Amino acid sequence: MDEAGKAHEDIAFIRSNLEDGRAYARLRSPDFAVWGLAAAFGYLGTYAHALHLWSADPRLIWYVPVAAAWAFSLRNTIAAAFGRAREQLPSPAVQTLRAVWRGFGITAMLLALVAFAADPQANWFAAVTAGMLGLCFHVSAAASGIGWLRNLAYGWWGATIVLFLLRDSVDVLPVGAASMILLLFLPGLVLWLRRPGHG
């Protein structure tokens, strides 16, 4: 194969990967929306508890929505475990996106379990989570070719600074909730509504 043919083949491969990445990002966009709502509920519930408006155990305020969000995100894995046929090997872009977001989920859960078991008032957790979300969206923008996801990365990195500065204040809770709605729930909704064939 000559150089021109090889270059054409490489471009086709890159385009195919980006399209697979876009399709996967749109397919998983409901997960963004569900996790955004779950985390916002946790933040707002904890805020209501801090203001003595709600007497529920703060751990339960988080356990229920997080468990529901995990169940939602693992729905395909659970279905596959009960006999659904395995899919073909995904493209490198899809493998990258899966690895990034699974890695984030596992890391965030491990940090949460260790941090809050040792110190129920771990005031750095919101800022660290926001920073990791910035990283995930930055990689997702590159792997999917959806450029505006990079703006979400910048938004999360900005939120990291604000959440860190507010870490010793109860105000970190509503700001965390607002971040989850604006930078996770709404983008998930937009991606879902923009999917091909919608409407």
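Placing pseudo-labels 7 Å out from each Cα toward the beta carbon at Arg194 and Arg167 gives an inter-label distance of 3.4 nm. The simple spin-label model puts a point 7 Å past each Cα toward its Cβ; for Arg102 and Asn76 those points are separated by 1.1 nm. Quick check: Cα centre of segment 94-131 to Cα centre of segment 158-187, how many Å? Centre-to-centre (Cα) distance: 15 Å.
Computed about the Cα centre, the dipole magnitude for segment 35-190 is approximately 540 debye when only Lys and Arg (+1) and Asp and Glu (-1) carry charge, each at its Cβ. Computed 3J(HN,Hα) for segment 67-75, one whole-Hz value per residue from the Karplus formula 6.51 cos²θ - 1.76 cosθ + 1.60 where θ = phi - 60°, is 4, 5, 5, 4, 4, 5, 5, 9, 4, glycine and proline marked x.
Taking 0.36 nm per residue of sequence separation and subtracting the Cα-Cα distance, how much length would be gained by fully extending the chain between Ala118 and Leu135, in nm to one decimal?
On the way: separation 17, 0.36 × 17 = 6.12 nm, distance 2.61 nm.
Length gained between Ala118 and Leu135: 3.5 nm.
For the pair Ala178 and Leu51, a Förster radius of 22 Å applied to the C-beta separation gives a FRET efficiency near 0.85, rounded to the nearest 0.05.
Rule-based calculations on the coordinates, nothing more; no lab input. In this text, all values refer to a predicted model and were calculated from it rather than measured experimentally. Here Cβ is always computed from backbone atoms with ideal geometry, including for glycine, and neighbour counts include all displayed protein chains.
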